[in-house]
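The following block contains the structure, expressed as structure tokens.
The values are calculated or read from the model by the stated rules, or taken from the named source; none is laboratory data. Given the structure is predicted, the values throughout are model-derived calculations rather than measurements. Every residue, glycine as well, gets a Cβ built from its backbone with ideal geometry; the counts of neighbours run over all protein chains shown.
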Amino acid sequence: MKPKLIVTIIGARPQFIKASAISAELVESNVFNEIVVHTGQHFDANMSDVFFSELGMKPPKYHCGVHGGNHGDMTGRMLIEIEKILTLEQPDVVLVYGDTNSTLAGAIAAAKAYIPVAHVEAGLRSFNPKSPEEINRVVTDRVSRWLFTPTDAASVHLLREGAKPDTISQVGDVMFDVALHHGARVDDTGSILGRLRVKYGLKPHQYCLATIHRAENTDDPIRLTTILEALKNFARDLNVILPLHPRTRRILAKMDQLAVLEESVIITDPLSYLEMVQLEKHASIIATDSGGVQKEAFFYRVPCVTLRDETEWQELVESGWNRVVSPVSVEVVLKNLNASLGVKGKEISPYGRGDAAKKIVHQLAHDLR
């Protein structure tokens, strides 16, 4: 039987992580040929190139080079470039991940070309209509033929929205697959943690890891200042490590806050995947506005404070592993950071058994034979 052609659309670092698990299974299956398209949404070498080598992925065949600009501008440019690729390659399936502009552009381009779409991490909802990610999720789900959900809640959301039951496959979370595999590759010596130990005397399980990149925080001076002041206060008692997203760095530089922040907080450039895993795995607490980092904190059983108004991963809040904290004041953020230290949630297994990628590839192979 002639192999089926899958075009995978990725552009942001969480998508590289998810794609690594499924790409490996596609190779093992001997049923598919895969072409990877990198939109360019994350273009910094530490947010893009190094991920492919660390995760054992082959380089993308196409790189669209689209980054920067407002949401409509970015998505539109991606849509134009992806459409050209799909016209040339004529794949059997387009595979998209998560909830970024790359996801939306890939899904729309495929749907317009009558190519069936498979959406990994379908059905997640924050129910915040002002969130760009929420718009991307909902629209992508509506045009997808395969809806691969990570949790019970995600499947229920889709059914409530009228998705056909035979389009929904609850497979678990591919990020859990990756965490099981790559988490075992890092210990508390060497790499970024070793360098920080030499430079700052940093010790495992004696620091807070923080990440801030979401537009709702970085583009709002009041929210961003609140988060930064809380982290500076928290750093008086516990080292805080802040790998800076390029956009966050630019904004802080414009605000003349970088130098002041560096007096209290350990700032690093964006980290490679394995460096980030090492710091997550050995942190005493994680503060983030990232969807993926919330889950990774849980995978490594580290308490997490999510600096947002809501989360897609409500099961982590209900089980006590995560606190969702709107950055309305320094006092509120600081209180919740201190309250989360040393707190362990209930032992739950909401994300499957680490075989999500295998299930996804099996389902696609079955349906396309």
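Based on this model, can you work out whether VAL186 counts as aliphatic (A, V, I, L, M), out of contact with any Phe, Trp or Tyr (no Cβ under 6 Å at 6 or more places or on another chain) and assigned to a loop (DSSP other than H, G, I, E, B)?
Numbers: aliphatic (A, V, I, L, M): yes; out of contact with any Phe, Trp or Tyr (no Cβ under 6 Å at 6 or more places or on another chain): yes; assigned to a loop (DSSP other than H, G, I, E, B): yes.
Taking the combined requirement at face value, the residue satisfies it.
Continuing with this model, one more query. Looking at LYS199, LYS232, LYS203, which is the one that is surrounded by fewer than 15 Cβ atoms within 10 Å (Cβ to Cβ), without any contact (Cβ under 8 Å) to a residue 40 or more places away in the chain and touching a helix residue (DSSP H, G or I) at 6+ places or on another chain (Cβ under 8 Å)?
LYS203
Now for a different question. Can you find a residue that is within 16 Å of LEU158 (Cβ to Cβ), at pLDDT 95 or above and outside the structural domain of THR311 (by TED's automatic domain parsing) anywhere in segment 79-96?
Within segment 79-96, one or more residues are within 16 Å of LEU158 (Cβ to Cβ), at pLDDT 95 or above and outside the structural domain of THR311 (by TED's automatic domain parsing).
Across segment 189-214, what is the total count of residues that are assigned to a helix (DSSP H, G or I) and touching a Pro at 6+ places or on another chain (Cβ under 8 Å)?
So the count comes out to 1.
Just give me the residues in segment 251-261 being assigned to a helix (DSSP H, G or I) and touching a Leu at 6+ places or on another chain (Cβ under 8 Å), in sequence order.
Within segment 251-261, ILE251, LEU252, LEU258, LEU261 meet the criteria.
Just checking, how many residues over segment 237-259 are of a type outside the set (A, V, I, L, M, F, W, C) and exposed (fewer than 13 other Cβ atoms within 10 Å of the Cβ)?
3
Which condition from (1) touching a His at 6+ places or on another chain (Cβ under 6 Å); (2) surrounded by fewer than 18 Cβ atoms within 10 Å (Cβ to Cβ); (3) not aromatic (Phe, Trp, Tyr) is the one that GLU262 breaks?
Evaluating GLU262 over (1) touching a His at 6+ places or on another chain (Cβ under 6 Å); (2) surrounded by fewer than 18 Cβ atoms within 10 Å (Cβ to Cβ); (3) not aromatic (Phe, Trp, Tyr) leaves (1) as the failure.
Restricting the search to segment 1-30, which residues are in contact (Cβ under 8 Å) with a residue 40 or more places away in the chain and polar (S, T, N, Q)?
Once the filter is applied, which keeps residues that are in contact (Cβ under 8 Å) with a residue 40 or more places away in the chain and polar (S, T, N, Q), segment 1-30 yields THR8, GLN15, SER20, SER29.
Considering every residue within segment 126-136, establish whether at least one is in the same structural domain as GLU25 (by TED's automatic domain parsing), of a type in the set (Val, Ile, Thr) and in contact with a helix residue (DSSP H, G or I) (Cβ under 7 Å, 6 or more places away or on another chain).
Initial filter on segment 126-136 (in the same structural domain as GLU25 (by TED's automatic domain parsing)): 126-136.
After this cut, where a residue has to be of a type in the set (Val, Ile, Thr) as well, the list is 135.
Now restrict to residues that are in contact with a helix residue (DSSP H, G or I) (Cβ under 7 Å, 6 or more places away or on another chain): none.
So far as segment 126-136 goes, no, none of its residues is in the same structural domain as GLU25 (by TED's automatic domain parsing), of a type in the set (Val, Ile, Thr) and in contact with a helix residue (DSSP H, G or I) (Cβ under 7 Å, 6 or more places away or on another chain).
Say we look at segment 287-333 and pick out the residues that are in contact with a strand residue (DSSP E or B) (Cβ under 8 Å, 6 or more places away or on another chain) and under 18 Å from THR248 (Cα atoms); which of these is surrounded by the most Cβ atoms within 10 Å (Cβ to Cβ)?
ALA287
For segment 346-369, name all the residues that are of a type outside the set (Lys, Arg) and buried (at least 17 other Cβ atoms within 10 Å of the Cβ).
Of everything in segment 346-369, those that are of a type outside the set (Lys, Arg) and buried (at least 17 other Cβ atoms within 10 Å of the Cβ) turn out to be PRO350, TYR351, GLY352, GLY354, ASP355, ALA356, ALA357, ILE360, VAL361, LEU364.
Which numbered condition trips up ASN338, out of (1) of a type outside the set (D, E, K, R); (2) outside any loop (DSSP other than H, G, I, E, B); (3) surrounded by 17 or more Cβ atoms within 10 Å (Cβ to Cβ)?
Of everything listed in (1) of a type outside the set (D, E, K, R); (2) outside any loop (DSSP other than H, G, I, E, B); (3) surrounded by 17 or more Cβ atoms within 10 Å (Cβ to Cβ), ASN338 misses just condition (3).
For the list (1) over 30 Å from VAL330 (Cα atoms); (2) touching a strand residue (DSSP E or B) at 6+ places or on another chain (Cβ under 6 Å), I need the number of the one condition that ASP152 fails.
For ASP152, the failing item is (2).
Ok, one more. Check HIS67 against each of (1) under 27 Å from TYR351 (Cα atoms); (2) under 18 Å from the mean Cα position of the chain (by Cα); (3) in a loop (DSSP other than H, G, I, E, B); (4) not small (Gly, Ala, Ser) and name the one condition it does not meet.
Only one criterion in (1) under 27 Å from TYR351 (Cα atoms); (2) under 18 Å from the mean Cα position of the chain (by Cα); (3) in a loop (DSSP other than H, G, I, E, B); (4) not small (Gly, Ala, Ser) is unmet by HIS67, namely (1).
Still on this structure: Please go through (1) part of a loop (DSSP other than H, G, I, E, B); (2) at pLDDT 95 or above for PRO270 and return the number of the only condition it doesn't satisfy.
The one condition PRO270 does not meet is (2).
Being in contact (Cβ under 8 Å) with a residue 40 or more places away in the chain and assigned to a helix (DSSP H, G or I) is the filter here; which residues of segment 235-250 pass it?
PRO246
Just to be sure before I move on: is LEU159 free of Cβ contacts under 8 Å to residues at least 12 places away in the same chain, not in a loop (DSSP other than H, G, I, E, B) and not polar (S, T, N, Q) in the structure I sent?
yes
Also: Out of everything in segment 81-93 that is under 17 Å from HIS63 (Cβ atoms) and within 24 Å of the chain's Cα centre (by Cα), what residue ends up being surrounded by the most Cβ atoms within 10 Å (Cβ to Cβ)?
So, considering only residues that are under 17 Å from HIS63 (Cβ atoms) and within 24 Å of the chain's Cα centre (by Cα), the one surrounded by the most Cβ atoms within 10 Å (Cβ to Cβ) is ILE82.
If GLY292 meets every condition in (1) of a type in the set (Gly, Ala, Ser); (2) modelled with pLDDT under 95; (3) in a loop (DSSP other than H, G, I, E, B) apart from one, which number is that one?
All conditions are met except number (3).
I'm told ASN136 meets every condition in (1) in a loop (DSSP other than H, G, I, E, B); (2) closer than 24 Å to TRP313 by Cα except one. Can you identify the failing condition by its number?
Every condition holds for ASN136 apart from (1).
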